[in-house]
1. Would you mind checking which residues have amide H under 5 Å from B:Glu58's amide H? H placed 1.01 Å from N; only 5 or more apart, or other chain.
2. Which residue, B:Gly64, B:Gly55, B:Gly74, has the most motion in a Gaussian network model of chain B that connects Cα atoms within less than 10 Å?
3. Once the Cβ-Cβ distance between B:Asp21 and A:Val22 is put in as r, and R0 is 22 Å, what FRET efficiency do you end up with, to the nearest 0.05?
4. Leaving out ligands, DNA and RNA, and with a 1.4 Å probe, what % of the accessible surface on the protein assembly as shown is carbon or sulfur?
5. Taking just the alpha carbons, could you work out the radius of gyration and Dmax for the protein assembly as shown, both in angstroms?
6. Provide the buried accessible surface between chains B and A in square angstrom, both chains summed, 1.4 Å probe, rounded to the nearest 100.
7. Report, in listed order, any pair from A:Lys149/B:Lys36; A:Lys95/A:Lys200; A:Lys95/A:Lys149; A:Lys95/B:Lys59 with a Cα-Cα distance greater than 27 Å.
8. Per residue of region B:59-68, in order, report the coupling 6.51 cos²θ - 1.76 cosθ + 1.60 (Karplus, θ = phi - 60°) as ³J(HN,Hα) in whole Hz, putting x for Gly and Pro.
Amino acid sequence: MEFLLENILNLVGFLVGLSIGVMSFIGFRNTGSPTLFRLTIAFISISLGFFVIWTGYMVEDFVIKSGSIERWIQTLGIIIQTIGYFFIAFSHSIKSFFPKSSYFRSVGILPLFLVSSVQIEHVFRSISFILLAYGAIETMLSYFENRNKGTIWVSLGLGLLALGEFLGWYSFVFPESILYTASMIIKIGGLISLFIPVSKVPLTKIKFDKDLE
Amino acid sequence: MAEYRTHMKIISDILATTRDDLQDEDGATVTYLIRKANISHSRISRILKTLVSQGLLEKTDNQGSNKYKISQPGREFLQAYYTFTNFADNFGLNI
């Protein structure tokens, strides 16, 4: 059951992240907006992180068959996802604190975190939680400015991902409990919630960049 | 407190004026665009030069005064801008 859920979560995460990342990239190519560039990096990273973990499970299940995924693969996937969450939170911090700074409005500062594999995984889970919670709160605050219903879905999605990360991290304390399963179900819900408003963007009217056609 | 406009928003305001709010068919003068887009002369001059060089605006010389009209690529850019503004809005962000 846990294996199945883990696969569903990682596949959904990969596909949702990829869809939003590609959409952001199309937006960036058409408008040159640095915000869309940061969203592209964020969601491609999130997608890649889920893909790395999914690949780890597939290799373990069909090639290695040891019964558990290599720890470092899981850690690597989580680190890549955290970079994605960082860029979401970073975009909000620029909007809130440095709206006129040309330095911070450029690509941004890549986070460098240097610290056994299990410890790193939990460090990154907790960082992801903080970044996601921050992103969810800032997105909800933006709703009060723009009254765009899609913002509520994104805020709910980031909030559910944050809760999922928190429960995933907390399951370290109670490893055999239902916490990890609950964490995965909540994260799947969060990813679906993120995708709902994005799926309504009318991309068909856009004339794509020639290089993308 | 005045709302902070991103560089992209200022460009879209200029393009929208040259698309929807022209004085006459020949296009809009710099003075008219300054008033409509609420931007300084030195800044709009730089932006107009860039928009013309990028092919988003067409510049015409009409009896000694320059006038600006939106081009087809400009219309497409503006449409993309509005679509992706809505997209970024969903994330609580401005483009």
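1. B:Lys69, B:Ile70, B:Ser71
2. It is B:Gly64.
3. On the way: r = 35 Å, r/R0 = 1.57.
Calculated value: 0.05.
4. Carbon-and-sulfur percentage of accessible area, whole number: 63.
5. 22.8, 82
6. Roughly 2300 Å² of accessible surface disappears when B and A pair.
7. Listed pairs above 27 Å: A:Lys149/B:Lys36; A:Lys95/B:Lys59.
8. Running phi through 6.51 cos²θ - 1.76 cosθ + 1.60 with θ = phi - 60° gives 9, 10, 9, 10, 6, x, 10, 7, 10, 10 Hz.
The values are calculated or read from the model by the stated rules, or taken from the named source; none is laboratory data. This structure is a prediction, so every number in the text was calculated from the model and none was measured. Every residue, glycine among them, receives a Cβ derived from its backbone with ideal geometry; neighbour counts consider all protein chains shown. Each accessible area value is taken on the protein alone, full model and side chains, heavy atoms only, with ligands, DNA and RNA left out. Shrake-Rupley method; radii C 1.70, N 1.55, O 1.52, S 1.80 Å.
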